[in-house]
Amino acid sequence: MAQAPNHALPSYLDAEHLGPWGIYLQQVDRVTPYLGNLARWVETLKRPKRALIVDVPIEMDDGRIAHFEGYRVQHNVSRGPGKGGVRFHQDVTLSEVMALSAWMSIKNAAVNLPFGGAKGGIRVDPRTLSKSELERMTRRYTSEIGVIIGPSKDIPAPDVNTNSQVMAWMMDTYSMNSGSTATGVVTGKPISLGGSLGRVDATGRGVFVVGCEAARDQGVPVAGARVIVQGFGNVGGTAARLFHEAGAKVIAVQDHTGAIHKPDGLDVPALLVHVATHGGVGGFANAQPLDPADFWSVETEFLIPAALENQINESNAAKIRAKIVVEGANGPTTPAADDILHDKGIYLVPDVLANAGGVTVSYFEWVQDFSSFFWSEDEINQRLERLMREAYAAIAHMAREHKVTLRTAAFIVACSRILQAREVRGLYP
Ligand code: GLU
């Protein structure tokens, strides 16, 4: 990976281990020229405010003691408490959690939620754990990061391989340790525990909403459009369902179990049932298998990367034959690939806007918990759609004004908001 120029790197992350954080730094460098006098504060964005590494020891079902590496990084809290998910994945690293926390700061500011950015993770493949091991690991991790999280300090939520049950354990552990029930300490909780209607589908719904806005801008009708999706979890699966319901054809899907193709459109409801029972799209009967490497070159109107980081890079970007890319995942496209897609005339709606629906309904959940007053699903979906459409319009306007990509425009909007707050608060102590 190219080394980002002239950064005073934190000593715990040398140039060779920059990883996703290095990509984020390149994205900040691209917008710095547009920040005017606020550029004086830009170093603030190039280092996390606080990064906690914790040891998570648990007793396994067979009596062994296992140790897992856990993280919680608060990138920025200038505009409000830290906010961002917790990921359980075998490839989690400090660099990745730092980048994801920074993207949360940008995302929350881009859509104007009153939050800073944070992220957490444990380096573990949760599929190798029993349910009780998963519970013990989640509770111990929550206790370890308990010193820095809280309803007005930093509010975790689901991310890759975490769900409402994991959030329930986190909420319970934090509440038992602090001596009172604190529903607002995490979002993405079960409805019975102060969770919000609409939260589970919110990220995928947001992807669909901004995808439709982008399609209108680009003159692409959604009905009849072809859609290909990488990752068929909570985000990719919901986005695929909503596009399918709107009359689009989901023609190819790739995930960690393989890739499938059906030029006249997959039966998305049946595929969702298959994935729920088999853990992935591989082996789905009513489709042709596709070499996963060929997924990227399938001709389509919409490409939705909804898996992990760095999926669209210099090795495959030139092959992509999509009109519109809507980033459901965080960090799926490298800066070099951004340039290739831009040169090919592909319109890309960046992660920090496209997948902000999840944290937006997390915000609604947090507000509902604080006020102990709960909204209907219709009200939540309407507010979500309005907020996403307005954020898209403001960022698209900025992009036209400065003749930059939507990613750069989203970063200009977000970095300006964060650094304005930083400046007006001032340095203290
Ligand atoms: N993990 C989601 C994201 O990456 C949601 C975070 C949240 O709701 O706080 O945006």
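The values are calculated or read from the model by the stated rules, or taken from the named source; none is laboratory data. This is a predicted model, so every value here is computed, not measured. Quick reminder, even Gly has a Cβ in these numbers, built from the backbone with ideal geometry, and neighbours come from all protein chains shown. Note: accessible area is taken over every heavy atom of the protein model, side chains too, but ligands, DNA and RNA are not part of it. Shrake-Rupley method; radii C 1.70, N 1.55, O 1.52, S 1.80 Å.
Using the alpha carbon gyration tensor of region 41-144, what are the three equivalent-ellipsoid semi-axes (square root of 5 times each eigenvalue), largest first, in whole Å?
Working: eigenvalues 176, 29, 23 Å².
With the √(5λ) rule applied to region 41-144, the semi-axes are 30, 12, 11 Å.
Give the value in nm², to one decimal: projected area of the alpha carbon convex hull of region 333-429, averaged over all directions. Before the final figure, lay out each step's value.
Details: hull surface 36.2 nm².
Over every viewing direction, the Cα hull of region 333-429 projects on average to 9.1 nm².
Which whole-Hz couplings ³J(HN,Hα) result when phi for each residue of region 55-60 is put into the Karplus expression 6.51 cos²θ - 1.76 cosθ + 1.60, θ = phi - 60°, listed in order with x for Gly and Pro?
Working through the residues one at a time gives 8, 10, x, 9, 8, 7 Hz.
May I ask for the net charge around residue 232, where only other residues with Cβ less than 13 Å from the Cβ of residue 232 are counted and Lys, Arg are +1 while Asp, Glu are -1?
Values: positive: 241; negative: 255.
Result for the local shell: 0.
Over the chain, with every protein chain in place, what whole percent of the accessible area is carbon and sulfur at 1.4 Å, could you tell me?
Within the chain, the accessible surface is 51 percent carbon and sulfur.
Along the charge dipole of the chain, pointing to its positive end and built from +1/-1 on Cβ of Lys, Arg, Asp and Glu, which listed residue (289, 165, 111) has its Cα farthest out?
111
How are the alpha carbon pair distances in region 1-90 distributed across 10 Å bins from zero to the largest one, expressed in percent?
Distribution as computed: 13, 36, 32, 13, 6, 2 percent.
What does the accessible area per residue of region 1-156 come to in Å², with a 1.4 Å probe and no ligands, DNA or RNA counted?
Averaged over the residues of region 1-156, the accessible area is 40 Å².
How much area per residue is accessible in region 315-390 when the probe is 1.4 Å and only protein heavy atoms are counted (Å²)?
Using a 1.4 Å probe on heavy atoms only, each residue of region 315-390 averages 39 Å².
Show the residues, 5+ positions off or on another chain, whose built amide H is closer than 5 Å to the amide H of residue 79.
HN-HN under 5 Å from residue 79: 116.
Once the Cα gyration tensor of region 204-343 is found, what semi-axes does its equivalent ellipsoid get, as square roots of 5 times the eigenvalues, in whole Å, sorted largest first?
The three semi-axes for region 204-343 are 21, 18, 13 Å.
Quick check: pseudo-label points 7 Å beyond the Cα along Cα→Cβ at residue 379 and residue 315, how many nm apart are they?
It is 4.9 nm.
Over 20 Å between Cα atoms, which of 131/189; 131/153; 249/403; 83/403; 119/403; 46/83 qualify?
131/153; 249/403; 83/403; 119/403
If the viscosity is 1.002 mPa s and the temperature 20 °C, what translational diffusion coefficient in µm²/s does Stokes-Einstein give for the chain when Rh comes from Kirkwood over Cα pairs? Walk me through the intermediate numbers first.
Working: Rh = 21.7 Å.
For these conditions, the coefficient is 99 µm²/s.
Starting from the amide H of residue 226, placed 1.01 Å from N in the peptide plane, find each other amide H under 5 Å away whose residue is 5 or more places distant or on another chain.
249, 301, 302
Provide the net charge surrounding residue 328, with neighbours chosen by a C-beta distance below 14 Å and charges set as Lys +1, Arg +1, Asp -1, Glu -1.
Net charge around residue 328: -3.
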